[in-house]
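Accompanying notes for the structure given below.
Read the figures in this text as sums done on the coordinates, not as results from a lab. Just so it is clear, the model here is predicted, and its values are computed rather than measured. Don't worry about glycine lacking a Cβ; one is built from the backbone with ideal geometry, like all the others, and counts go over all protein chains shown.
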2 protein chains.
Amino acid sequence: MQNVDEDTITQIVLARHADATDPRLKQIMTSMVQHLHAFARDVELTEEEWFKGIQFLTDVGHITDDNRQEFILLSDTLGLSMLVTALNNRKPRECTESTVFGPFFVENAPQYQNGDDVANGAKGEPCFVTGRITGIGGEPVPNARVEVWQADSDGFYDVQYEGVTSNQGRGMLRSLADGSFHFRSVTAESYPIPHDGPVGRMLAALGRHPWRPAHLHFMIEAPGYERLITHVFRSGDEYLDSDAVFGVRSSLVADWQQHAPGRAPDGTEIDTSFRTLDFTFVLNQAGAAVRSNAA
Amino acid sequence: MQNVDEDTITQIVLARHADATDPRLKQIMTSMVQHLHAFARDVELTEEEWFKGIQFLTDVGHITDDNRQEFILLSDTLGLSMLVTALNNRKPRECTESTVFGPFFVENAPQYQNGDDVANGAKGEPCFVTGRITGIGGEPVPNARVEVWQADSDGFYDVQYEGVTSNQGRGMLRSLADGSFHFRSVTAESYPIPHDGPVGRMLAALGRHPWRPAHLHFMIEAPGYERLITHVFRSGDEYLDSDAVFGVRSSLVADWQQHAPGRAPDGTEIDTSFRTLDFTFVLNQAGAAVRSNAA
């Protein structure tokens, strides 16, 4: 008869998966059980600590609803989301790097023409964005689908406001024949992730702040190229080295130049300061994703 | 500036815990992040698989309420609960081994005298239980607090029945001057853990059944001794080698002898078959818990 003890239990659990018909599920669960058990052994987890963990996960589950995904927040703040993003988006050095998707993307954002103001009422210092989309060889990528979304000057996305039903600070546009695109918006600001729940309590207990540095989200799709999901961060932001969700890749930090009131790039006169940002996005070829040779 | 990539992210996350003031929390989170990241790397977790994991944990959280603790069930079925029990209950070879506590203990169960029927209406074949509580040297432990709880012949605990408010198949009694105790109950049967939720779906996907072998729960406390939480399993049960929660230690399996109708140990005439069970519980000295020298 089996004797389950601290030395035998891991192999006994793994042997119980012998009949799993999905080999990938079996592989994932095998590794997961091994690491879960190794963690408990490494720290000699006490029964009281185990129960605190159960209570923490219960709290994470109970605050999660259609509008708030605390498990994703937990994954983000433990660096798991960014690690998974990195593992799944290996590409040649010349390509624009990927970063985390985040929870604030909205399907069916409004379509805009180049030059339009995607702020659509979002508050903030005006910001004029120009971009260029190319392949690795520098060839322009015309008619790419460019989705952009961002927080306003108070650090909130439109979906975080009660009662805001219009799309503000988000939209879709297409690159022109030369691969370029341009639009007006407002300057994104740094903001704290939701920290009034269990993940916020975890961050506080670890002496961590909940802030993300200012950034503009992009998702770019074009036939023949890999989809690119990334941010452009603002140089000089105080949280660039301590992003609560570990999303900062140094290649994604750009200068969002500030200008005195006056004539803007679109020819209008602006009576406040405004910024300009220019960034080139280099797409990887479709089907060229580099995976390691892990089993 | 930091560049977060798949090679640097783990150290960057761990460095973010530099200001944690609780050294034990820091130790636990350091190991947890290392193993979580190592798991994702080992299996090259895809973004789709990551999201399935998020959805699974969300389902576990949403089915959990005051009456159902699916996270504990998840911990149980992954062998984590039994591993933590084993790590925290190392003791000399002569002592009765511990096993998982389970979710069906109830505070303030009725007090019984030796010889009483703790079934209190629970269905099943009569079972007469005798026990002895000793220390390692064989000395009897009188006046120990003995809590017992069990499922009925349908495999259900009282708390699993809608509308059953009396305590059935559970109670507290005290050992006598010679360390012995005895009571009447019903024969516990094997039963499936709740498997109509996400944990049940996980077990099915892994080709695992949800059954636990028949067992009687005991929690024994006496001054000067370590509290003992354990089960006594029934020899011959078909699930002894495949307990869904990995709780079987071979030293805890006993013969629950079946007898033809006739005179029972308490002198009464029984017109059905009945069983007798005898087990000796050897308690560890208080303060003698063996912990390894892990940091």
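Structure notes:
- Chain B, relative contact order [Cα under 8 Å, separation at least 6], %: 21
- Selection from B:S180, B:Q160, B:W211, by position along the positive dipole direction of the range B:160-258 (Cβ): B:Q160
- Per residue, the convex hull spanned by the alpha carbons of the range A:1-154 comes to 234 Å³.
- With a 10 Å cut-off around each Cβ of A:53-60, the average count of Cβ atoms from other chains is 5.
- Residue among A:T64, A:G102, A:N3 farthest towards the positive dipole end of the protein assembly as shown, charges placed on Cβ: A:N3
- Rounded to the nearest Hz, the phi-derived 3J(HN,Hα) couplings of the range B:213-221 under the Karplus curve 6.51 cos²θ - 1.76 cosθ + 1.60 (θ = phi - 60°) are x, 4, 7, 10, 8, 10, 10, 10, 10, where x marks glycine and proline.
- Ranked for footprinting exposure by Cβ neighbours inside 10 Å, fewest first, A:D158, A:D65 give A:D65, A:D158.
- The alpha-carbon atoms of the range A:32-76 define a convex hull whose volume equals 82 cubic angstrom per residue.
- In this Cβ point-charge picture (+1 for Lys and Arg, -1 for Asp and Glu), chain B has a dipole of about 900 debye about its Cα centre.
- Mean separation of Cα pairs under 8 Å and 6 or more residues apart, divided by the residue count, gives the range A:30-176 a relative contact order of 20 percent.
- DSSP beta bridge pairing in the range B:80-282, given as percent antiparallel to the nearest 5: 75
- Sparsely packed trypsin sites (Lys or Arg not before Pro) within the range A:85-177, loop by DSSP, other Cβ within 10 Å at most 11: A:R93
- Applying the Karplus relation 6.51 cos²θ - 1.76 cosθ + 1.60 with θ = phi - 60° to the range A:159-174 yields 3J(HN,Hα) values of 5, 8, 8, 4, x, 7, 9, 7, 7, 10, x, 8, x, 10, 9, 10 Hz, where x marks Gly and Pro.
- Three-way shape label, the range A:1-45, alpha-carbon gyration tensor, a/c 1.5: oblate
- Theoretical FRET efficiency, 1/(1+(r/R0)^6), r = Cβ-Cβ of B:K123 and A:F56, R0 45 Å, to 0.05: 0.70
- Rounded to the nearest 20 debye, the dipole size of the protein assembly as shown about its Cα centre is 960 debye, using +1 on the Cβ of Lys and Arg and -1 on the Cβ of Asp and Glu.
- In terms of its alpha-carbon gyration tensor, the range A:80-282 comes out oblate; a/c meets the 1.5 threshold, while b/c is at least as large as a/b.
- Chain lengthening between B:S166 and B:E107 when straightened (0.36 nm per residue, less Cα-Cα): 20.0 nm
- Residue exposure sequence - A:T64, A:T165 - by fewest surrounding Cβ within 10 Å: A:T165, A:T64
- Were the residues from A:A254 through A:R201 laid out at 0.36 nm apart, the gain over their Cα-Cα distance would be 15.9 nm.
- Cα centroid of the range A:194-231 to Cα centroid of the range A:83-100, whole Å: 15
- Counting only DSSP H runs of at least 4 residues, each contributing -39500 (n - 2.57), and dividing by the residue count of the protein assembly as shown, the helix-based mean residue ellipticity at 222 nm comes to -7000 deg cm²/dmol.
- Taking other Cβ atoms within 10 Å as a rough exposure proxy, A:M172, B:M1 sort from fewest to most as B:M1, A:M172.
- Proximity of backbone amide H atoms, modeled 1.01 Å from N, is registered between A:A122 and A:G169 at under 5 Å, excluding neighbours fewer than 5 places apart on the same chain.
- Along the range A:226-241 the Karplus relation, 6.51 cos²θ - 1.76 cosθ + 1.60 evaluated at θ = phi - 60°, assigns HN-Hα couplings of 5, 5, 10, 10, 7, 10, 10, 8, 9, 4, x, 5, 5, 9, 4, 9 Hz to successive residues, with x for each Gly and Pro.
- Amide H to amide H distances under 5 Å link A:C127 with A:S185, A:V186, A:T187, A:R275, where only residues 5 or more positions off or on other chains count and H is placed in the peptide plane.
- Full extension of the chain between A:D154 and A:A15 yields a length gain of 44.7 nm, computed as 0.36 nm times the residue separation minus the alpha carbon distance.
- Near B:Y191, the amide H atoms lying under 5 Å from its own belong to B:R212; only residues 5 or more places off or on other chains count, and H is placed 1.01 Å from N.
- Of all segments of chain B bounded by GluC sites (Glu not before Pro) found in a DSSP loop with no more than 14 other C-beta atoms within 10 Å, the longest spans B:1-93.
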